[in-house]
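Participant: Pasting a structure here, questions to come.
Just so you know, all these numbers are worked out from the coordinates, no wet-lab data involved. Note that the structure is a prediction, hence the values are computed from the model and not measured. Cβ atoms come from the backbone with ideal geometry, glycine included; neighbour counts cover every protein chain shown.
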Amino acid sequence: MAQIEYSGRDNLDVMAHAKNYNRFLLDLVLQNAHPNQSIVDFGAGNGTFAGPIATSHERIVCIETDPTLCAALQSQGLTVVNDLAQLADGSVDYLYSLNVLEHIEDDEAIAQLWFQKVRPGGQILVFVPAFQFLFTSMDRHVGHHRRYTRTSLTRVIQKAQFQITDSYYADSVGVLATLLYKALDQGAGQVNVRMLRIYDQWCFPISRFFDRITRRFIGKNAIVRAVKPA
């Protein structure tokens, strides 16, 4: 995989202000992470998650194609590879991918590569934006090819021969917030930092409460956990 410039680097910096959202994602990853595992952060970005995880999980490898982001990851002392294909087959215990698969045109080929690199009994966690009716200029700005449903994401992962262990939605209130963003969208695809902070501080915790009820039906994001059959 060649080095590829990521068009949404500015949005990565903005999302650093979403403290509750990032804490939620970090906890999501850590639910299946063990200190002695070989862990892969597929699409590590600027290290928002790999950095904290590396403090207690030494065997973490960041997969990142953007040269600027690679340099940022290396400056944090993280191990960086720009192509998952460089890792040995069956060498990964746990692979997670947060808001990355939607950037890849041939998502089925990537899921098959994951299957190749994960060991039998190894696990993956995939977190993506959900529902095509929520597609906005921000999706276009950062290079999204699609948004998913639980069904469409599950189909991609199952086609790669993984066994699904769980699938659900997250951030139910975020659906309403995204529809409001879409209604006011002027086409720039930028995130308002002030509004992001307000949503993250006050709305996201409420959203997590309602997710207990809506997680099987609706949410701004879709989540799949799966295992490679032993």
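Participant: Only Lys, Arg, Asp and Glu count, each charged at its Cβ (+1, +1, -1, -1), so figure out the dipole size of region 9-227 about its Cα centre, rounded to 20 debye.
Facilitator: Approximately 780 debye in magnitude.
Participant: On to the next question. Nearest 5 is fine: what % of DSSP beta bridges in region 9-227 come out antiparallel, could you say?
Facilitator: Taking every DSSP beta bridge within region 9-227, about 45 percent pair in antiparallel fashion.
Participant: For the residues Thr149, Thr68, what sequence is obtained by ranking on other C-beta atoms within 10 Å, fewest first?
Facilitator: Thr68, Thr149
Participant: Hey, another quick one. Based on the Cα gyration tensor of the chain, what are the three equivalent ellipsoid semi-axes, each the root of five times an eigenvalue, rounded to whole Å and given largest first?
Facilitator: Equivalent-ellipsoid dimensions as semi-axes: 26, 20, 17 Å.
Participant: Quick one: longest stretch of the chain between exposed loop GluC sites (Glu not before Pro), exposed meaning at most 16 other C-beta atoms within 10 Å and loop per DSSP? Don't jump to the answer; show the numbers that get you there.
Facilitator: Values: sites that count: Glu5, Glu58, Glu105.
Within the chain, the longest run free of exposed GluC sites (Glu not before Pro) spans 106-230.
Participant: Once the cut-off is 15 Å, how many percent of the Cα-Cα pairs in region 99-194 end up in the long-distance tail?
Facilitator: The answer is 65 percent, as a whole percent.
Participant: In region 9-227, how many lysine pairs have Cα atoms under 28 Å apart, counting only pairs 8 or more places apart or on different chains?
Facilitator: 5
Participant: Based on other C-beta atoms within 10 Å, arrange Phe135, Phe209, Phe162 from fewest to most.
Facilitator: Ordered from fewest to most neighbouring Cβ atoms within 10 Å, Phe135, Phe209, Phe162 come out as Phe209, Phe135, Phe162.
Participant: Quick one: in region 139-230, what % of C-alpha pairs are over 17 Å apart?
Facilitator: Of the Cα pairs, 60 percent sit more than 17 Å apart.
Participant: Also, I was wondering about something else. Along the charge dipole of region 9-227, which of Val61, Pro35, Gly174 sits closest to the positive end, that is, farthest toward it, with unit charges on the beta carbon of Lys, Arg, Asp and Glu (+1, +1, -1, -1)?
Facilitator: Among Val61, Pro35, Gly174, the one farthest towards the positive end of the dipole of region 9-227 is Gly174.
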